[in-house]
Every structure is written in C-alpha cells, then in structure tokens.
Amino acid sequence: MFFITSWKKEPGRKCRPAPLTAKAFPFSRARMIETKNLTKTFPVPGSKDPFVAVNKLSFQVQQGEVVGLLGANGAGKTTTMRVLCTLLAPTSGSASIAGFDVISQPDQVRSSLGFVSASTGIYDRFTPLELLDYHGQLHGMEKAAIQERAGEIFATLGLEQYRNRLGAKLSTGTRQKLSLARALLHNPPVLVLDEPTAGLDLISSLSFLETILALKGEGKTVLYSSHQCEEVEKICDRVLILEDGQKIWFGNWREGNPGLGLGDFFQKLMGERKTQEVRSLGC
C-alpha cells in the first residue's frame with residue numbers, strides 16, 4: 001500500500017518522507033483540477049483560421065475523484081491533458097492543478113502532478129532504480145528519501161525483481177508500471193493518465209486499474225483518458241466527454257440510467273447528437 005507522505009524540509013534535518021495512514025488523510029472536496037473557458041488553437045499553414053483543438057472547456061475535478069476523459073480521436077483529450085501538465089500553453093482561458101495556475105506557476109503544477117501516457121519514455125540504458133533516482137533528483141528529493149520511496153513503490157507495483165534490470169530488457173507491461181512508479185515518486189496529489197493501458201495485455205491492464213483504485217482510496221485525484229469504456233466504467237466516478245474540442249457531457253452516467261453500461265450510454269449520447277445534427281440539416 002502507498003502512504004501519503006510529506007516532503008517538507010525542516011532546518012537541520014534531511015528531507016525524509018513522513019508517512020500518514022489513510023485514516024489520517026485529510027479528505028476534502030478541494031478543486032484539484034480546474035479549467036475555465038480553456039482554449040487551445042494551432043496555426044494552419046495557408047489559412048488565416050487556426051485549428052481549434054480545445055474550445056472554451058470548463059470543468060472541475062475534486063480531491064479523491066477519478067474522472068474519465070472520453071471522446072473520439074481528435075476530440076481534444078490529449079491536448080487538454082498536455083495543457084494541464086504545462087507541456088502546451090493555453091491560447092486563452094485558464095487551467096490549474098491543486099490551485100496552481102499552469103501559466104504563472106508551472107513549477108508548482110509539475111510538483112503537484114504525475115503524468116503517464118501510452119509512450120512510457122523509459123530509458124533503455126537505465127535500470128528502474130537509476131531512473132527513479134534521476135527523476136527524484138530532478139524533483140529536489142534527497143538520496144535517502146528517493147531510496148525509501150522507490151522501495152515502497154517497487155513493492156506495491158511488483159517491480160522489486162526488476163529494480164536492477166536495464167529498461168531495454170523490460171516487457172511493455174513492466175515499462176508501463178515503471179512509468180507509473182516514476183509519476184508517483186514525488187507523491188503528487190494529482191495524476192494525469194493518457195491512455196496508460198494502451199498496448200498492455202489483459203492481466204497487466206487489470207493490475208494497473210487495481211493500482212489506480214488503491215491510489216483513489218488514499219485521496220489521489222485522477223484524470224484518466226481511455227478508448228476502453230470498460231476500464232473507465234470500472235474506476236471512474238464521473239466522465240467528461242469531448243467532441244471537436246468541446247464538452248458535450250460531464251457527470252455520473254449511472255444517475256438516471258440504471259443498468260446502462262458506460263459504453264451503451266456513450267453510444268446512446270453520440271447517436272442522439274448525430275440525430276439532432278441530421279435534423280438541423282433538414283434531413
């Protein structure tokens with residue numbers, strides 16, 4: 001099990017994690033992810049009109065929630081996540097993580113979140129232990145704290161036997177677990193996961209989802225993008241559905257739809273929108 005830890009450094013003391021039990025965690029309804037009229041555009045060669053990838057998107061995710069992000073390819077999911085992670089600057093509007101603005105407080109945003117994507121970015125010539133040591137130092141953690149936290153995460157994710165194996169010799173599933181371990185190393189309150197199970201086998205995917213549920217139980221806030229409605233249905237409290245960069249639905253699909261699975265709800269919603277579009281054309 002993971003423990004919520006504090007990395008505050010006291011004068012004269014080395015920075016070491018101070019574990020708190022899950023019972024002691026101060027659960028609240030703080031807004032851990034928030035966007036207001038978030039817009040991101042990209043220039044189009046030969047055109048005066050830009051491509052609008054995200055269009056006036058507003059939503060909030062509270063502490064301890066797991067929110068699924070759904071939509072077809074090109075709907076704006078990855079762009080939204082990259083803005084939240086400070087990898088892209090918004091064109092207009094605002095976005096914040098744990099109360100920190102992505103434009104004016106990027107360092108605090110990066111310290112407050114962990115990002116995992118389908119592309120693991122694991123270095124082939126680093127062992128898992130070396131990888132976490134490197135990224136821990138980037139986050140300003142001291143050696144002792146890195147070693148302790150890494151051991152804790154390896155034990156939870158079942159990575160102990162791989163800790164000294166080169167990244168090039170790790171399976172796809174193990175590399176993805178290591179990517180999650182890296183995201184968790186500095187104990188961020190927010191996780192942004194962009195199709196993290198893409199390419200994983202069934203057993204590895206289920207193991208990954210179980211880990212996310214355990215993290216939710218500790219108060220982590222998670223934004224989870226996937227094309228697999230079954231995954232989202234298993235772990236998410238609410239879903240945010242995008243189409244052409246716009247929010248078309250945000251909420252708990254279970255409310256008012258007893259017995260209706262998320263996949264069926266999604267198809268029903270998109271079918272109704274298609275019907276409305278056809279009617280608006282006079283067809």
### Among residues of region 141-163, those that are over 25 Å from E210 (Cα atoms) and either hydroxyl-bearing (S, T, Y) or out of contact with any Phe, Trp or Tyr (no Cβ under 8 Å at 6 or more places or on another chain) (or both), counted
3
### Message
I'm told D244 meets every condition in (1) more than 17 Å from L157 (Cβ to Cβ); (2) surrounded by fewer than 21 Cβ atoms within 10 Å (Cβ to Cβ); (3) touching a Leu at 6+ places or on another chain (Cβ under 9 Å); (4) modelled with pLDDT of 90 or more except one. Can you identify the failing condition by its number?
### Response
(3)
### Message
Looking at region 217-224, can you tell me whether even one residue there is assigned to a loop (DSSP other than H, G, I, E, B), within 15 Å of the chain's Cα centre (by Cα) and at pLDDT 90 or above?
### Response
yes
### Summary
For P196, the lone unmet condition from (1) touching a helix residue (DSSP H, G or I) at 6+ places or on another chain (Cβ under 6 Å); (2) touching a residue at least 60 places away in the same chain (Cβ under 8 Å) is (1)
### Message
Test of understanding: among A98, A183, A118, which residue is in contact (Cβ under 8 Å) with a residue 60 or more places away in the chain, of a type in the set (A, V, I, L, M, F, W, C) and on the phi > 0 side of the Ramachandran plot?
### Response
A98
#### Entry: Filtered residues of region 243-269 (kept if outside any loop (DSSP other than H, G, I, E, B), closer than 14 Å to C229 by Cα and of a type outside the set (F, W, Y))
L262, G263, D264, Q267, K268, L269
### In region 145-162, residue surrounded by the most Cβ atoms within 10 Å (Cβ to Cβ) [restricted to those that are more than 14 Å from Y134 (Cα to Cα) and among the charged types (D, E, K, R)]
E152
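The values are calculated or read from the model by the stated rules, or taken from the named source; none is laboratory data. These numbers come from a predicted model, not from an experiment. So basically every Cβ, Gly included, is an ideal-geometry build from the backbone, and we count neighbours across all protein chains shown.
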